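Novice: Have a look at this one.
Rule-based calculations on the coordinates, nothing more; no lab input. Given the structure is predicted, the values throughout are model-derived calculations rather than measurements. All Cβ positions, even for glycine, are placed from backbone atoms using ideal geometry, and neighbour counts span all protein chains on display.
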Amino acid sequence: MKIFYAKYILPITSEMVEDGAIVIDGNRIIDFGAREEIDSKFKDVERKINLKNALIMPGFVNAHTHLELSGVKIKEVSDFKDWLYQIIKQRKRLFNGRGVAGKIKFIKTFAERKWKRTVKRRIEEMINSGTIAIGDVSNTGKLITMLLRVPMKIQIFIELISFIEERGVEFFNVLKDLVHNVNEVVKKHNLQREFKISLSPHAPYSVSETLFKLIKNFNGDSKTSVHLAEVIDEVEFIKNGSGFFRSFLIERNGFDYSWKPPGVSPVKYLDQIGFLDKNILAVHCVNVDDEDIEILSKRNVSICTCPRSNFFLKVGKAPVRKFLDNNINVCLGTDSIASNRDLNILNELKFAREFYKDVSNEELIKIATLNGAKALGFDDICGSIERGKDADLIYFIIPNDLKKNEIYDFIFESSVCGRLG
Ligand SMILES: [Zn+2]
């Protein structure tokens, strides 16, 4: 057992503690509170580490990443459509193959080693900025072994993309076996607490209704991520069956001519097919109306906002203030390096503060910690400083004279922090 002392402790679920102490046993938080109180309660603890001018808080949760896309380089885009064509080209270059897991012929040797090194650098970038849990979308399953070993809580979403029903069912059968096999390994090594894997549909414009239902049914109580209402063309396609996504799918031989457009918004469509509930993590939700927000709130859906990605792709700004006012669990994601400069969650927070001026500092910090943990199903073990939770904690060395009301500004101005342990 050991005790850490720090000038400030920010637990998230309770008031900030000044001149505080945290008692940790292994990786478990035993107790925390004012220094004198902890000292009198834990007289026998010999290992005492005084961080002095420091702030201790729970680590951050990056609820939406695509680590597989590390290595993709897209400098500038004119809009989402331009990005989509660029990313398809780059993915081909990266994976040299046709698509989903098992079928990808990845260039082994040099290219693969180089790619994995890039992924490792991105993981380091996440850890150095205080990330302790991630929700990572994977199309190939190629990083599972690596992610089983990283010191973060991991939720992998194996993503399926197919608007053509039969093709989707075929992919589903392959990938459900993959999830099953990984879960066997996870159980064998007793990693269920910190490592989760499930299937995920890509988006309403790229996944058939049948596939949405198959995935939902297969996942049961597992968390399921979906890109939702990211771009206005998605709304047009689901409402009227027309516009960019129709021609895009036709061009790629992926359109189903027997399909009838649902005639409603993407959010309403997913609700009508029974997809939305508390286990759904809807990513982006930029192009939603008040009725959509009401549905997302009623169904207890979590929303992951990715401000730098949305800005880069010029798709608009998510109404985060309205989400919060409607009691929606909002969390934060960097998205992939294909639509962002880096995977540094502190940089994402910094941008979010400028982007969402009507969201308070306190709210943003909760969005980046506890809310993310809740969205990924890790809130029973991380996301806040509470007795019994894992000590997935970070610290910032602060200036001598930093006042309590300057703490948040200090966090937002930082780009690196330390991991307690
Ligand atoms: Zn994404």
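Novice: Restricting to Cα pairs below 8 Å that are 6+ residues apart, what does the relative contact order work out to for the range 62-375? Please round to a whole percent. Please list the in-between numbers first.
Specialist: Details: 555 pairs, mean separation 62.8, N = 314.
Reported as a whole number, the value is 20 percent.
Novice: Give me P(r) over the range 357-421, computed from all C-alpha to C-alpha distances, binned every 10 Å, as integer percentages.
Specialist: So the P(r) values, bin by bin, are 18, 45, 33, 4.
Novice: Please sort by residue number the trypsin sites (Lys or Arg not before Pro) in the range 248-321 whose DSSP state is loop and whose Cβ has at most 16 other Cβ atoms within 10 Å.
Specialist: 252, 278, 314, 317
Novice: Another question, then. Just rank 186, 315, fewest to most, by other beta-carbon atoms within 10 angstrom.
Specialist: In order of increasing Cβ crowding within 10 Å: 186, 315.
Novice: Considering the chain as a Gaussian network with a 10 Å cut-off on Cα pairs, which listed residue, 255, 218, 171, attains the greatest mean-square fluctuation?
Specialist: 218
Novice: Additional query: Apply the Karplus parameterisation 6.51 cos²θ - 1.76 cosθ + 1.60, with θ equal to phi minus 60°, to every residue of the range 281-293 and state each ³J(HN,Hα) to the nearest whole Hz, in sequence, with x for glycine and proline.
Specialist: Result, ordered by residue: 10, 8, 9, 5, 6, 7, 9, 10, 9, 4, 5, 4, 4 Hz.
Novice: Now for a separate question. Can you list residues whose amide H is under 5 Å from residue 369's amide H, if they're 5+ apart or on another chain and H is modeled 1.01 Å from N?
Specialist: So residue 369 has HN proximity to 61.
Novice: Each residue of the range 139-154 in turn: what ³J(HN,Hα) in whole Hz from Karplus with 6.51, -1.76, 1.60 and θ = phi - 60°, glycine and Pro shown as x?
Specialist: 9, 10, x, 5, 9, 4, 4, 5, 5, 5, 9, 7, x, 9, 6, 10
Novice: Report the equivalent ellipsoid semi-axes for the range 267-352 in whole Å, largest first, defined as the square roots of five times the eigenvalues of the gyration tensor built from alpha carbon atoms.
Specialist: The equivalent ellipsoid of the range 267-352 has semi-axes of 24, 12, 12 Å.
Novice: Taking springs between alpha-carbon atoms closer than 10 angstrom, which of 283, 45, 267 fluctuates most in the Gaussian network model of the chain?
Specialist: Its mean-square fluctuation being the largest, the pick is 45.
Novice: Given an 8 Å cut-off on Cα distances and at least 6 residues of separation, report the relative contact order of the range 370-421 as a percent.
Specialist: Details: 41 pairs, mean separation 16.4, N = 52.
It rounds to 31 percent for the range 370-421.
Novice: If you scale each eigenvalue of the Cα gyration tensor by 5 and take the root, what three semi-axes come out for the chain, rounded to whole angstrom and sorted largest first?
Specialist: Square roots of five times the eigenvalues give 38, 23, 20 Å.
Novice: Still on this model: What relative contact order, as a whole-number percentage, does the range 282-421 give when Cα pairs under 8 Å and 6 or more residues apart are counted? Could you put the intermediate results ahead of the total?
Specialist: Details: 186 pairs, mean separation 26.7, N = 140.
In percent, rounded to a whole number, it is 19.
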